[in-house]
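So the structure is just underneath, and the comments pick up after that.
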């Protein structure tokens with residue numbers, strides 16, 4: 001069953017139940033009111049009849065005239081005045097067709113009501129000149145009979161009209177509510193791999209659907225970025241692998257085209273070996289990148305002091321090139337060594353930091369690369385700043401794509417694996433890598449890693 005149909009049924013049943021509940025409440029209370037009102041009328045007539053029949057003075061004449069002029073005669077109205085001292089209970093009960101208990105309770109309590117079918121009885125006890133009298137007034141409840149029929153017809157007609165109104169109102173409301181959902185569904189169906197630039201409109205939507213649309217659009221942004229990254233990866237990887245393969249095939253084809261001197265074959269094999277080694281390095285780097293991007297990799301994490309890891313990185317570069325200009329700034333070191341500890345894998349973290357430092361040295365042509373430590377909340381912050389060629393701002397969104405290299409790096413050797421690998425390693429440490437740069441203004445790499453919780 002569709003959501004729209006469920007909504008129509010839910011609204012219809014809910015509103016119809018409310019209409020029935022209120023109609024029943026009105027019907028019950030008006031019927032009860034008609035009974036109470038008629039009881040009051042009978043009681044007034046009983047008291048008036050007692051005074052008229054048992055008083056022989058001007059007041060009785062006045063009341064008789066008042067009753068004739070102002071009190072409307074009720075349907076089949078009858079009244080009886082009986083001497084209680086000479087009362088024959090059985091005979092009176094049979095004559096008026098009323099139960100004996102009604103008469104005895106009236107004599108005991110002084111006032112009593114009784115209903116038989118649509119005929120109502122009211123009996124009062126009157127004391128005059130030391131004698132007791134029983135005054136009984138009866139009449140048919142004309143108001144109840146006719147008003148109940150009118151009220152029932154009115155309510156039935158109203159309910160029938162309300163049912164039709166509720167049905168159309170429920171249908172209109174369901175369409176009104178489901179229309180944005182239908183539009184969103186239609187728009188989503190239009191989005192495909194070739195139309196990832198399309199987005200769901202966020203204007204003129206209910207708050208809940210606006211939040212849903214924004215979340216969906218954010219997801220589409222991530223998907224579009226992923227697809228673009230995939231396209232760039234395929235393009236860059238194809239180029240990186242094709243170059244050494246083309247060189248290997250060209251050298252081999254040239255060597256096989258005709259008989260050559262032994263020295264020529266040796267030179268050819270050296271070129272092929274060099275290109276094959278490049279291809280092997282790229283393949284291994286790509287494999288390692290994939291492994292570090294797999295979150296379920298079983299890695300050993302231990303408490304590490306960040307300052308010690310940075311010193312190890314500097315020592316590594318010193319062994320390769322004693323003239324390197326990596327400067328580590330420990331000005332902000334805390335007094336408590338616990339504030340320098342993180343949980344990490346020493347080998348991977350060293351690899352990530354040396355990759356970033358190495359890029360700084362390479363692209364600045366061995367100018368000063370400054371490394372500093374700082375804190376931000378419960379994170380330790382490592383900043384690595386160089387004075388190199390920088391990265392064009394328009395190319396910053398692609399620097400984490402494997403094999404991507406900025407347009408101003410053609411004179412430098414590299415595979416375009418270092419930054420993606422470093423980011424994956426830092427992510428494994430629940431950290432974050434940010435690259436801030438502009439062309440010819442150097443690069444600042446900011447690394448945030450959570451401190452070890454004691």
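Descriptive notes on the structure:
- Taking max minus min of the alpha-carbon positions on each principal axis, the range 359-454 gives extents of 48, 27, 21 Å, largest first.
- In plain terms, the residue of 246, 86, 274 with the fewest other Cβ atoms within 10 Å comes first and the most crowded comes last, giving 86, 246, 274.
- The range 157-195 versus the range 4-42: alpha-carbon centroid distance in Å: 30 Å
- The distance linking the range 92-145 with the range 385-454 is 104 Å (Cα centroid to Cα centroid, whole angstrom).
- At R0 = 60 Å, FRET efficiency that the Cβ-Cβ distance of residue 173 and residue 254 yields, to 0.05: 0.15
- FRET efficiency for the pair residue 439 and residue 165, taken as 1/(1 + (r/R0)^6) with r the Cβ-Cβ distance and R0 = 45 Å, rounds to 0.05.
Every read-out reported here was derived from the displayed coordinates using simple, explicitly stated rules and does not represent laboratory data. Just so it is clear, the model here is predicted, and its values are computed rather than measured. For neighbour counting, all protein chains shown are included, and Cβ atoms are generated from backbone atoms with ideal geometry for every residue, glycine included.
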